[in-house]
Amino acid sequence: MKTNIYVIYGGKSVEHEVSLKSASAVINSLDKSKYNIYPIYISIDGIWCPLGLLEGKIEDPDELRKTSSNTVSKSIGDFLLNQINDNEKNIVFPALHGTNGEDGTIQGLLELLNIPYVGNGVLSSAVGMDKVMMKDIFAKHNIPQVKYASIQIPSWRKDKNKVYTEIEKKLDYPYYVKPANLGSSVGINRAENREEFEKAVEEAFLYDSKVIIEEEIIAREMQISVVGNNNPKVSVPGEFIMERPFFDYEAKYIDGKLIPVIPAKLEPEVSDKVRKTAVDAFKILNCHGLARVDIFVTDDNKIYVNEVNTMPGFTNVSMTPVLWGATDGTTYAELVEILIQLAFEKHEEKNNLLNTRS
């Protein structure tokens with residue numbers, strides 16, 4: 001009997017469009033002789049819109065859109081009642097990035113439903129999404145990071161000048177100012193002085209109620225993929241050569257002016273250290289399935305963990321699948337299948353735990 005796989009994508013996130021591209025690639029890679037594929041589009045308003053059993057190939061990500069007059073709660077109820085068959089083998093691939101997808105919320109729903117799903121669980125998803133929480137945890141484990149500080153919106157609204165002054169006492173310009181809970185480099189700005197700092201914070205608060213500020217370092221940014229559950233494997237490091245001053249949304253998804261270098265040109269001992277640190281970060285956040293760890297490497301070979309992406313971009317040209325192709329020849333379709341099997345493995349392990357006192 002075929003396995004039912006529900007690929008969920010879209011969502012209430014600034015990364016909505018990226019999610020459609022990831023979902024399209026995932027869907028097209030799946031073996032239709034093995035899986036019944038059910039695309040589930042979540043509109044920007046949060047309404048769940050099943051597209052039904054997919055028979056053909058997705059030629060354009062826009063084909064994955066659908067409109068509905070449902071409410072959010074009714075659409076989720078309809079999905080659970082009419083789409084999920086408890087008597088069959090089911091799995092969810094949440095090809096969601098950012099808010100309400102990569103932050104533990106959808107994972108929590110799937111945990112309550114006891115449905116296996118690809119990727120990280122509630123805790124690692126939530127902590128990996130919140131850059132401040134992630135960095136605070138890494139600091140406790142002596143993971144190397146750039147100097148950082150954070151601002152929450154209540155204190156900022158109460159006395160902006162005081163908040164700016166306190167940050168300036170802790171950190172030296174220039175800064176990178178980021179929303180704490182977004183990905184794909186949305187809402188990030190570089191600030192060299194107070195005026196630019198204030199503008200950057202104003203913009204970051206459009207996307208989140210918490211902002212992180214990091215000191216700039218001159219370094220190359222390595223991307224490393226870690227895949228597995230209890231015994232994760234790590235890819236070779238890769239990097240992009242870019243024309244922009246930093247790796248922003250347009251450079252990632254629109255301009256196409258990025259040249260991947262895989263494996264990255266690093267001294268063997270530095271490459272080994274980067275890969276070990278990536279696995280350490282993966283384990284500290286209790287990750288399962290997959291994660292992409294971004295690590296800075298300076299000219300004098302010091303390393304600093306930038307962030308961990310618990311559901312990284314998953315298009316055919318995204319760094320995660322490309323890294324595995326370069327590491328051991330794993331194809332995109334093979335990687336998707338590995339992630340599906342890891343999800344079933346983790347789900348079985350969880351269900352074997354005692355839920356009552358013996």
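The values are calculated or read from the model by the stated rules, or taken from the named source; none is laboratory data. Worth saying up front: this structure is predicted, and the values here are computed from it rather than measured. Glycine gets a Cβ as well: all are built from the backbone with ideal geometry, and neighbour counts include every protein chain shown. These area figures cover heavy atoms from the full protein model, side chains too; ligands, DNA and RNA do not enter into them. Shrake-Rupley method; radii C 1.70, N 1.55, O 1.52, S 1.80 Å.
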Problem set entry | Exclusive hit being within 23 Å of Ile340 (Cβ to Cβ), touching a residue at least 24 places away in the same chain (Cβ under 8 Å) and among the basic types (Lys, Arg), set Lys89, Lys66 | Lys89
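Listed here are the residues, each with its yes/no results for (1) of a type in the set (A, V, I, L, M); (2) free of Cβ contacts under 8 Å to residues at least 40 places away in the same chain.
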{"position": "Ser13", "(1), (2)": "no, no"}
{"position": "Val18", "(1), (2)": "yes, no"}
{"position": "Ile27", "(1), (2)": "yes, yes"}
{"position": "Asp31", "(1), (2)": "no, no"}
{"position": "Pro39", "(1), (2)": "no, yes"}
{"position": "Gly56", "(1), (2)": "no, yes"}
{"position": "Ser75", "(1), (2)": "no, yes"}
{"position": "Phe93", "(1), (2)": "no, no"}
{"position": "Gln107", "(1), (2)": "no, yes"}
For this session: Output the qualifying pairs, or none if there are none: Cβ atoms under 8 angstrom, residues six or more apart or on different chains, first residue in segment 215-242 and under 20 Å from Tyr148 (Cβ atoms), second residue among the polar types (S, T, N, Q) and part of a strand (DSSP E or B).
Result: Glu221/Asn306
Exercise. Out of segment 132-155, which residues are more than 13 Å from Ser209 (Cβ to Cβ) and in contact with a strand residue (DSSP E or B) (Cβ under 8 Å, 6 or more places away or on another chain)?
Worked result: Met134, Lys135, Phe138, Ile143, Pro144, Gln145, Val146, Lys147, Tyr148, Ala149
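Conditions tested, residue by residue: (1) more than 12 Å from the chain's Cα centre (by Cα); (2) within 24 Å of Ser29 (Cα to Cα); (3) open to solvent by less than 20 Å² (accessible area, probe 1.4 Å).
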| site | (1), (2), (3) |
| --- | --- |
| Gln83 | yes, yes, no |
| Asp86 | yes, no, no |
| Val92 | yes, yes, yes |
| Leu96 | no, yes, yes |
| Gly101 | no, yes, yes |
| Glu111 | yes, no, no |
| Leu123 | yes, no, no |
Problem set entry | segment 8-17, residues that are more than 13 Å from Arg65 (Cα to Cα) and open to solvent by less than 30 Å² (accessible area, probe 1.4 Å) | Ser13, Glu15
Problem set entry | Single residue of segment 317-329 satisfying the filter (at pLDDT 95 or above and open to solvent by 20 Å² or more (accessible area, probe 1.4 Å)) that is farthest from Asp294 (Cα to Cα) | Gly329
Seminar exercise, completed: Looking across segment 206-219 at residues that are surrounded by fewer than 20 Cβ atoms within 10 Å (Cβ to Cβ) and touching a Phe, Trp or Tyr at 6+ places or on another chain (Cβ under 7 Å), the single one that is nearest to Ile295 (Cα to Cα) is Ala219
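This table checks each residue for (1) of a type in the set (Phe, Trp, Tyr); (2) farther than 18 Å from Asn309 by Cα.
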| position | (1), (2) |
| --- | --- |
| Gly101 | no, no |
| Tyr117 | yes, no |
| Asn120 | no, no |
| Met133 | no, no |
| Asp136 | no, no |
| Asn142 | no, yes |
Problem set entry | Hits in segment 38-49 (condition: hydrophobic (A, V, I, L, M, F, W, C) and either over 20 Å from His97 (Cα atoms) or surrounded by fewer than 17 Cβ atoms within 10 Å (Cβ to Cβ) (or both)) | Ile44
For this session: Inspect all residues belonging to segment 50-57 and state whether any of them is in contact with a helix residue (DSSP H, G or I) (Cβ under 9 Å, 6 or more places away or on another chain), within 25 Å of Tyr207 (Cα to Cα) and open to solvent by less than 50 Å² (accessible area, probe 1.4 Å).
Result: no
Exercise. Pro61 passes all but one of (1) under 16 Å from Glu337 (Cα atoms); (2) within 21 Å of the chain's Cα centre (by Cα); which number fails?
Worked result: (1)
Problem set entry | Members of segment 168-199 found to be surrounded by 19 or more Cβ atoms within 10 Å (Cβ to Cβ) and more than 29 Å from Met319 (Cβ to Cβ), listed by number | Phe197
Problem set entry | Unmet criterion (only one of (1) in contact with an Asp or Glu (Cβ under 8 Å, 6 or more places away or on another chain); (2) modelled with pLDDT of 95 or more) for Arg244 | (2)
Problem set entry | Which numbered condition Thr298 misses (of (1) open to solvent by 60 Å² or more (accessible area, probe 1.4 Å); (2) modelled with pLDDT of 85 or more; (3) out of contact with any helix residue (DSSP H, G or I) (no Cβ under 9 Å at 6 or more places or on another chain)) | (1)
Exercise. Can you name every residue in segment 273-295 that is open to solvent by 10 Å² or more (accessible area, probe 1.4 Å) and among the charged types (D, E, K, R)?
Worked result: Lys273, Arg275, Lys276, Asp280, Lys283, Arg292
Exercise. If you go through segment 125-156, how many residues are touching a Phe, Trp or Tyr at 6+ places or on another chain (Cβ under 9 Å) and either open to solvent by 70 Å² or more (accessible area, probe 1.4 Å) or of a type in the set (S, T, N, Q) (or both)?
Worked result: 1
